[in-house]
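The values are calculated or read from the model by the stated rules, or taken from the named source; none is laboratory data. As the structure is a computational prediction, the values presented were derived from the model and not from experiment. Positions of Cβ are backbone-derived with ideal geometry, glycine not excepted, and every protein chain shown enters the neighbour counts. With ligands, DNA and RNA removed, areas are computed over all heavy atoms of the protein, side chains included. Shrake-Rupley method; radii C 1.70, N 1.55, O 1.52, S 1.80 Å.
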Amino acid sequence: MMKSSPQSAASSSGRIPLRMAWLLPMLLAVGVGVGGVGCLSWRAGRHMALRLAQQLNREVNNRIEETLQRYLRTPVQINHINRDAVRWGLLPNLLSLTAIDLLFLEDYFAQQL
């Protein structure tokens, strides 16, 4: 009579070897743990990247707004200065100009530019 090996007996009866019975759940648990941690860290990294992008966007918008306000404030200030100069008689009245007044205003506005 031939002796059958343990492997052939296990495979012939449809049983799983003990080593596989212990190894598979361990590998499955490790795989699920690593996958879960990887998924959580990916989500946390994505959340952090979105927060940094929003912060950068706010900072850029604030700087652009500040620069535009500073840039657009200057012409308004110049207009107020010119209006006050006309009121105080430092500049000729724009409603009754002579040729000399036009030359003077041309030089004055050229200096302002």
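Once the Cα-Cα distance is subtracted from the 0.36 nm per residue extended length, the Q69 to L27 segment shows a gain of 8.9 nm. Put a dot 7 Å past the Cα of I78, heading toward its Cβ, do the same for R58, and the two dots end up 3.6 nm apart. The region of the chain that goes longest without hitting one of the trypsin sites (Lys or Arg not before Pro) in a DSSP loop, each with at most 14 other Cβ atoms within 10 Å, is 16-113. Stretching the chain fully between Q111 and W42 yields a gain of 18.8 nm (0.36 nm per residue, less the alpha carbon separation).
Rounded to the nearest 10 degrees, the inclination of helix 99-112 to the longest alpha-carbon principal axis of the chain is 30 degrees. Sparsely packed loop sites in the range 71-113 (the chymotrypsin sites (Phe, Trp or Tyr not before Pro) outside DSSP H, G, I, E and B with at most 15 other Cβ atoms within 10 Å) comprise W88. With protein chains left intact and a 1.4 Å probe, residues in the chain average 94 Å² of accessible area per residue. If I compute Rg and Dmax of the Cα atoms in Å from the structure I just sent, which labelled value in (i) 15.5, 52; (ii) 42.2, 134; (iii) 16.7, 51 lines up? Label (ii) holds the value from this structure.
Over the residues of the chain, the helix contribution to mean residue ellipticity at 222 nm works out to -29500 deg cm²/dmol, using -39500 (n - 2.57) for each DSSP H run of at least 4. Under a GNM of the chain (C-alpha, springs under 10 Å), which listed residue has the highest mean-square fluctuation: P92, P17, P75? Comparing P92, P17, P75 in the GNM, the peak value goes to P17.
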